[in-house]
Structures are given as C-alpha cells and as structure tokens.
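Below is one structure; the comments refer to it alone.
The values are calculated or read from the model by the stated rules, or taken from the named source; none is laboratory data. The structure displayed is predicted, hence computed values, not measured ones. Every residue, glycine among them, receives a Cβ derived from its backbone with ideal geometry; neighbour counts consider all protein chains shown.
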Amino acid sequence: MLWGLLLLAIPLLIHLFQFHRTKTIYFPGVFRLTQRLQQARQQKRLQHWLVLVSRMLGIACMVFAFAMPSCNDQQAGNKGYSHVVLLMDNGFSLSVESSEGQMLEQAKSQAYAILRDLPPETQVKFISQTLQTDVWMSPSQLSTLLDTLSVGSQRFTMADWIDRVLIIQQESGVRSLAAILFSDVQAGFVRGLRKVQSNPNIDWRFVQFDLNAAEIKGGNLSLDTAWVVSQFSADNQSEGLLLKAKVSHRGGDVKEAQLQLLVDGKTLFAQTKALGADETIEFEGAVSAVDIAKPLELRLGADGFVYDNNLFLHPIKTWQTSVGVFGSDRALDALFSAQPLLKKRVVSVGDFTAKGNPLDGLDALVSIGAIKLPVNATIQLKQKVEEGLTVLQFVPAASGLPWDIIAQRGLSGAWKKADHRMALAGLNHPVFQGAFAERLSDKIQLPNIQSAFDIEAAADFETIIQLEGGQPLLVSRNIENGTQWLWLSDLQKGSQQFLNSSWYLPVVTQLLASKSIQDKPLYGVLFSKQLVSLPAPMKTDERAAQLIGQGRTSVVELQTNSERHTSMYVGAEPSMPGHYQLKSPLEKNAVGMSFNWPRSESNLQSDPDWKAKFDQVGLSWTSSMGDGKSPILQNEPLKVLWRLFIWGAAFFFAVEVLLLFMQSRKKSKENQ
C-alpha cells in the first residue's frame, strides 16, 4: 500500500504547472496600486503552498491508513525466536459467519501472514483441536498444512495447551519460544485455568475473535438433550413410549423450531413450535416398542450453527427397574401404576419349581407377608442377592413375626404401638439423595406410624429410618453385592398415613432402584474423555471390544465397576457422529451405540471475563484483536495509530477545502 505515496506527485505537478500567462498593462503614475498588486500576488502564492501541503499530507495519511500499520511476527525473528508454536482453537464455533466472513478463515488468514513474515529457517509447531504436529516444521510446510484445517470438536482447553507449550519448551531445550494463540475464548475453553509458574523464555501472544450469538446469521437453536418416558396402565401393560427432547434458543432472530424423529430413513413425527429469545421448550412424540429398538435420529431445522441440530439415539433394550413381586397389596399396586420407572413382574413360589431361575432379569424383589420358600428357592434367591439383587420385604402385622426370606428363619422381637412421626434424620441417608422435590428441614410435615415391629439388638441390620420415639422403621443389611430391606410396619394399618403421603412413592422407588443401573443414556458424546454407560447390559472379561460403524472398526476399552455396571471409555474413537455397534467377545449380539458432537459450544458467546481469567494464570500476554479487517496480527497501540492517520487525513482535507473556499470568495470580490 505504501506505493500509494507516488500519488503525492499529482498535486505537486498541478501546483508547478498551474501558471497563468500575465499581460503587462502600462498605467501612468500608480505606485500605490503596483505595491498592492505585489502584496496580493505574494499572498496568493502562500495560499497555493498551503493548499499543496494540506493536499499532500491528506493523501499521505490516507495511504498510511490503508497500509494498516501493524506489528507482525517478523519482530519475533528480530528478537531471536528460532521456534514458534501456533495454537488454533478451531472448535465448531469458528464455523459461524460474522460480518467479515467465516471466523475460521479470518484466523487462518492471519496465521498465513505470520508464517510469511517468519524467516525460512524458523522452526514451527502447530496445535489445534483437530490436528497437531509432533515434529518441527518450516513456515512454508505449515502453511500447506493449514489449507486442510477445518472445525471440529473442542477436545482441549486452554489449560491443556499452556501445559503442552511449557513441556515443548522444556523437552526441546529451546532457549526462547514464541507461542501465538487464536481463540474466541468461550467459557468451555477457558475453564480450569490455574496459576502456573512464569517462564521468561516463552513469549505469549493472543488473538481474540469476539463471538456473539445474537449476531449469528440465521440464528441459533440447540437440540440439547433427549430422553424416554414409559407409560403403563393400571394392569401394568405397556401402552407405549414417549420420546422427549429439549430445544433451546441460543441467539439470533429465529422464532420457531422444527423437529423431526427419523428411523430407517422414515419420519416418525415432525413438529413445529414457536419460541422466544432465550427460551427452552420441550417436544414429545409417541414411539412404538418396535421403533425404540432401532437406531433413531432427531433432526432440528437448519439455522446459523448446524453442529447442535442432530442427536443420534441408542436403541433402548432395558431402561426401567424390573421388580418381581411376591404376594399382593393394593397400595403397592397403586405405586407401580403411578411410577413408570418401576416395571412389575409377578413371581410365585411355584415359579421356582419350573425350569430356570424366575429371578433372571430382575433388578429388585418385593416380598409381602411371611412367605416360606423351598430350600432350592432360598439358595437361588441368596445367590441372586449376592450378585446384586435388591430385596424389599413388607410384613403385615397379621402374619406375626417377620419372616427372613434369605435366612429361612423368623426375626425375634415384638409388635408395638408406636404412633410417632417418622424422624427426619433417616431421610438424609445417601440412598435417598435427590429423591425429594422439597428441601428437608424441621418445618416439613412427616407422617405418623401407628405400629412397628421392634427387632432385637442382636439382629444384624442397620437402622436407616426410625421414629421420633426411637423405634426402627426401615432397616437394611448388605449381602455381598445385594441389599435386603425390611419395612417394620404394617402397610394397611400401621403405615396408613405414610401410604397417603407424598413420601411413599419416592422412598419405595429409591429402595427398589438403589442397586439397579440408573444411568442409561440415549446417546454418547464424542471426545468426552469419560466413561459412557452402555444402553444395555454387556458381559466383559476386561478384554477390549470392537466398535463398528462409519465405515471402520476400532478397538475400545470396556470397564466394569464394583456395582457391575459396564461402561465404554470414549477417547479418540469414534471420530464421527452417528450409529455404531459395540461387539464384546463374550456377547453373541452387538449393542447399539450412538455418538454426537458435544453441546459445549452451543452458546456461541465469548466469555466476558476472559481477561480476568488470563490474569489469574500468572503469564504475561500480548493481546490482540482479530477483527478480520486485515490478514495480519494487529496490536492495540498500532490500531490507535491507524485511527490517528484516518483523523489526520480528514483534518488536512478539511484545511484544503477551507483554503480553496477562501480563495474563491476573495476572487469573486476582486471581480466585482
């Protein structure tokens, strides 16, 4: 742009060749008039020079302004930086279009300019969310690599990269290093920042791209999550499943959301709902048991940010807590009708004489009354409890002493009239964590219990809930991996107030589901660096499993915790969203898995506190703003200089116009 200074020759030539031929007129004896004419000529000559200077200075300022004075990383070479690390936070958010174009292209353009200005012998490493170089490269080699860069999942945070650069400097033995970071500094990227020891051998540079969801073209809707709700009738027969999804308005002028559910390329339901700014709405649609066993896809209508518009869902095999029931009770039947998380299966003593184990597939067992089991049934029951089965026993007062269905013996003790309130302390037990909608305090109303069975201290049970009078009400004991619970009050008489209260359903539900798999997600997230619970039980013997999908097969690690829940470690595989099959060496059938891009960048908003968080790190940063107006790294002081050139050009052109206006007025007066 500095070649534009050659334009200064134009006003100079105009000035030099703008001469008028003078004509001499002889006039008798007017010395005073000649003197005035000479003064006027000198004044005009001065005005011409002022116009020339103003015009040339105005043009020069415009040229310097359009040249965009800046500080590029050629200065790094002058300082002796032989090694440079470029860090590009190319998460999905850089795919959005701003007024200056796609933000990723702006960042790449500035990176190209930095690489061009580096000396050819400079050694460069590149680190991004999707691509990184393990060896030092030349600037020209890295420029070629940048051509292939695209957006991807945000796998790393800024804290990860600071540690990585420090390790690079130490391991490579580089005396001085320049690290240049490009990012839109969303909250997810700057989370976990901590103070680190300052390293004077590393010069940190930062180019920030301001991100505002309200300015995204086309608006931004986010398909946040999805889940399944089961519906059961009074006779516990399945009436169908509801698939629900949550959609959030994240910015822009979009006014409605369109959602489709697809299976095998067919649309199961399609809905459109209006929503306002920053609003979150729910969609729901009925899904049959046949369709829920197939891979599903939720698809949101297109908007300005497409990476949060799809959810791939697992086939659901078992997601409820399956409960076997010995005996019957009206209150217990009502509980199963009201609680879709519990699925009832009637079990009788006669089932134990049939082939197979009647407890197979059950997560919990409820026993009502003193039921005596055959010896072989007791052995089967005890084995299942040791493997993790939960047993809850209610004993009506009419049956006499509570019968221990595990040990095949009666429990010693006596029935007593209680008429005391349930004590609050027991409801704070970990088994009830998150079960109650209201906060537990001394002001809440708890039901009275009219009668309870007082087990003698010799019993090997732990008291979980007791009455305010001190009598135990709910006791438990662990048997290997399983648990046996005893409710020490008659349901129909002694516990009548409890059955009619809002505490009955959550308390019993928590007891029955205490050992069942609670985390059964409908999908997994790519690069979560976490263990993802499988959507169905899978046997594993510590060997790796095969993950098949998206045209490739990879090996993944399966882990089983102490409660026999199997999970898959999500690391570098899978790399693409979609449906997968997980094949264990011990299973005949594969388990369906679905993976999606993370939702962490859906807000598309730069963290307003990023400067304060940078200060907490303890490193010295040279910050710059990447505004997309120029493909070079601009420092704040030089941007001020650019503004001064613009104002200088405006000032000198204004002076020129004023001088020309004054000359015009004076000439018109002389002509008069």
- Query: Checking VAL229 against (1) closer than 30 Å to ALA286 by Cβ; (2) surrounded by 16 or more Cβ atoms within 10 Å (Cβ to Cβ), which single condition isn't satisfied?
  - Reply: (2)
- Task: Quick one: in segment 471-489, of everything that is over 42 Å from the mean Cα position of the chain (by Cα) and farther than 14 Å from PRO447 by Cβ, which residue is surrounded by the fewest Cβ atoms within 10 Å (Cβ to Cβ)?
- Result: GLN471
- Of GLY327, GLY361, the only residue that is at positive phi and within 37 Å of the chain's Cα centre (by Cα) is GLY361
- Message: Looking for something of a type in the set (Gly, Ala, Ser), crowded, with 20+ Cβ neighbours inside 10 Å and in contact with a strand residue (DSSP E or B) (Cβ under 7 Å, 6 or more places away or on another chain) - is there at least one such residue anywhere in segment 579-591?
- Response: yes
- Query: Residues of segment 128-163 being out of contact with any helix residue (DSSP H, G or I) (no Cβ under 6 Å at 6 or more places or on another chain), touching a residue at least 40 places away in the same chain (Cβ under 8 Å) and β-branched (Val, Ile, Thr), which ones?
  - Reply: THR130, ILE162
- Taking segment 334-369 and the residues there that are hydroxyl-bearing (Ser, Thr, Tyr) and in contact (Cβ under 8 Å) with a residue 24 or more places away in the chain, the one that is surrounded by the most Cβ atoms within 10 Å (Cβ to Cβ) would be SER367
- Task: Examine segment 448-461 for a residue that is surrounded by 14 or more Cβ atoms within 10 Å (Cβ to Cβ) and free of Cβ contacts under 8 Å to residues at least 40 places away in the same chain, and state whether such a residue exists.
- Result: yes
- Message: Under 7 Å between Cβ atoms, which residue pairs at least 6 apart in sequence (or on different chains) link something in segment 600-611 that is within 14 Å of SER95 (Cβ to Cβ) with a partner that is of a type in the set (S, T, N, Q) and surrounded by 19 or more Cβ atoms within 10 Å (Cβ to Cβ)?
- Response: GLU601/SER93; GLU601/GLN154; GLU601/GLN186; SER602/SER222; LEU604/SER93; LEU604/ASN220
- Message: I'd like the full set of residues that are modelled with pLDDT under 70 and surrounded by fewer than 18 Cβ atoms within 10 Å (Cβ to Cβ), limited to segment 607-629.
- Response: MET625, ASP627, LYS629
- Item | Filter result (aromatic (Phe, Trp, Tyr) and either in a loop (DSSP other than H, G, I, E, B) or under 13 Å from PHE614 (Cβ atoms) (or both)) within segment 176-198 | PHE189
- Message: Could you tell me how many of the residues in segment 520-552 are free of Cβ contacts under 8 Å to residues at least 24 places away in the same chain and touching a strand residue (DSSP E or B) at 6+ places or on another chain (Cβ under 6 Å)?
- Response: 1
- Query: Can we say LEU604 is over 28 Å from VAL263 (Cβ atoms), at pLDDT 85 or above and touching a Lys or Arg at 6+ places or on another chain (Cβ under 8 Å)?
  - Reply: yes
- Scan segment 294-311 and give yes if some residue there is surrounded by 15 or more Cβ atoms within 10 Å (Cβ to Cβ), under 24 Å from ASN603 (Cβ atoms) and among the hydroxyl-bearing types (Ser, Thr, Tyr), otherwise no. yes
